[in-house]
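Take a look at the structure set out below.
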Amino acid sequence: MPAITVDNLTKSFGQTLALDDLSFQVEEGEVFGFLGPNGAGKSTTINIVLDFARPTAGEVTVLGMDAQQHSRDIRRRTGVLPEGVETYDRLTARQHLEFAIESKNATDEPEALLERVGLVDAIDKKAGGYSKGMSQRLMLAMALVGEPDLLILDEPSTGLDPNGAREMRDIVREENERGATVFFSSHIMEQVEAVCDRVGILRDGEMVAVDSVEGLRDSVEGGTTLRVTVDRIDDDALQAVRSLPDVGSATVEDGTPPTLIVDVDGSKTAVLSTLEDRGIEVQDFSTSEASLDDVFRSYTTETEVHAR
Ligand SMILES: Nc1ncnc2c1ncn2[C@@H]1O[C@H](COP(=O)(O)OP(=O)(O)OP(=O)(O)O)[C@@H](O)[C@H]1O
C-alpha cells in the first residue's frame, strides 16, 4: 500500500492554477523528495494531503485513508513540519512538546526529543527568543512526537546552517530506518540527494519527472561533460563530433588553445579519435558529471542545460 496516493489533483486559486491534474505515489517506507522551484505547488499539495486545503478536483489517499474524510486519523499518525515558523513566543520548548505529546496521546520525553534535534540546552527558554534555526529545530522535534508512520517536512532546512541541515538529514535517515515514510519538499536539489530514494520534480503544478537521483541524472542530456583542449579546431571536425551518436551538443570555448565542450552520453574515446583522425592534437581532456543543479535546472527551466 502506498503511503500517499495523489490522483488527478487540481487546485485553482481564482485565476491561478496551482496544481494541474497532478498524480503520483509515495511508497511506504521510502524517502521521497518533492522538489520544485518557488510557486511550483509543493505547499499546496502538502496542504491538501493534510486537509488544510480542499482540492478543486481529484483525490488524495494517505496511509490508506481518504485525506478529506479521515484527516484526524491521518494527522494522528503523521508528523508535520510546516512551512514557516509557527512557534508560540511565550511558551518554552518543553511546553511546546508537552502540548504536542498530549495531543497525540504519545509518551515521548521532551528532553529526549530536544536532544535529538540539538536544542536540549534551550528546553526551558521561551521560543520568542529563539533564532530561526532554533525554532526550526523545535518544530522538527514536534514533528517527531509519537513515532509517526509518515513524516511530512515542508522545506525542512529553512533557517538551518550547514550543520543543522546535516543533522536534519541524519534525523530523516533515522526515522526512515525506524520504518517511517518521509515526504519532504525542497527547492534545493542537493538537499534531497543524500537522503532520498526517489525524487519528484514539480513544475507549474505538474510532475515533470519522478525517479531516483541517479535515474534523473542519467536522463538529462549531457550526463557527462567532456572538455577537450586542442591545438586548433575547424568546422569540419566540430561537425564530425556533433554527428557522433552519443554526443548531445558540442561547443567551442575560445581561448589559446581552444577548448571543446561536449555533452556525451557514452564513449568519450569516439570524440577524441574523431578529432585525432582529422589531424587535431588533443592536448588535454577532463570529464565532469552533470551536477544535480544542472539536472534540476534542466527540468524546471526552458533553456537547455550545458554542464560546465
Ligand atoms: N492561498 C492562496 N491564494 C492564492 N494563490 C495561492 C495560494 N496558495 C498558493 N497560491 C498560488 O499557487 C501557486 C503554488 O504555490 P505553492 O505555495 O504551493 O508553491 P510552492 O512550490 O510551495 O512554492 P515555495 O517554494 O515558494 O513555497 C503559486 O502560484 C501561488 O501563488
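Among helices (runs of 4 or more DSSP H) entirely within segment 73-178, having at least 3 residues that are among the hydrophobic types (A, V, I, L, M, F, W, C) and surrounded by 15 or more Cβ atoms within 10 Å (Cβ to Cβ) singles out 93-103, 132-144, 162-178. Residues of segment 23-59 that are in contact with a strand residue (DSSP E or B) (Cβ under 6 Å, 6 or more places away or on another chain) and more than 17 Å from Phe184 (Cβ to Cβ): Ser23, Pro55, Thr56, Ala57, Gly58, Glu59. With respect to Val195, determine if the residue is of a type in the set (A, V, I, L, M), under 34 Å from the mean Cα position of the chain (by Cα), more than 16 Å from the ligand (Cβ to nearest atom) and under 30 Å from Ile4 (Cα atoms). Yes: the conditions hold for Val195. The set of residues in segment 26-45 that are among the β-branched types (Val, Ile, Thr) and either away from the ligand (no atom under 15 Å from the Cβ) or surrounded by fewer than 23 Cβ atoms within 10 Å (Cβ to Cβ) (or both) comprises Val26, Val31, Thr44. Scanning segment 184-196 for residues that are at pLDDT 80 or above and either part of a strand (DSSP E or B) or surrounded by fewer than 16 Cβ atoms within 10 Å (Cβ to Cβ) (or both) yields a total of 3. Picking from residues in segment 1-57 that are aliphatic (A, V, I, L, M) and over 17 Å from Val210 (Cβ atoms), the one that is modelled with the lowest pLDDT is Met1. Determine whether segment 155-174 contains at least one residue that is at positive phi and under 15 Å from the mean Cα position of the chain (by Cα). Yes, segment 155-174 has at least one match. Quick one: would you say Val172 is over 24 Å from Met65 (Cβ atoms), in the same structural domain as Ile46 (by TED's automatic domain parsing), among the β-branched types (Val, Ile, Thr) and in contact (Cβ under 8 Å) with a residue 12 or more places away in the chain? The answer is no for Val172. When each of Leu50, Leu17, Leu81, Leu22 is tested for being in the same structural domain as Ala100 (by TED's automatic domain parsing), within 14 Å of the ligand (Cβ to nearest atom), within 19 Å of Ser157 (Cα to Cα) and among the hydrophobic types (A, V, I, L, M, F, W, C), the lone residue that passes is Leu81. If you filter segment 1-14 down to residues that are in a strand (DSSP E or B) and near the ligand (Cβ under 10 Å from one of its atoms), you find that the one that is surrounded by the fewest Cβ atoms within 10 Å (Cβ to Cβ) is Phe13.
The values are calculated or read from the model by the stated rules, or taken from the named source; none is laboratory data. All values reported here derive from a predicted model rather than from experimental measurement. Glycine gets a Cβ as well: all are built from the backbone with ideal geometry, and neighbour counts include every protein chain shown.
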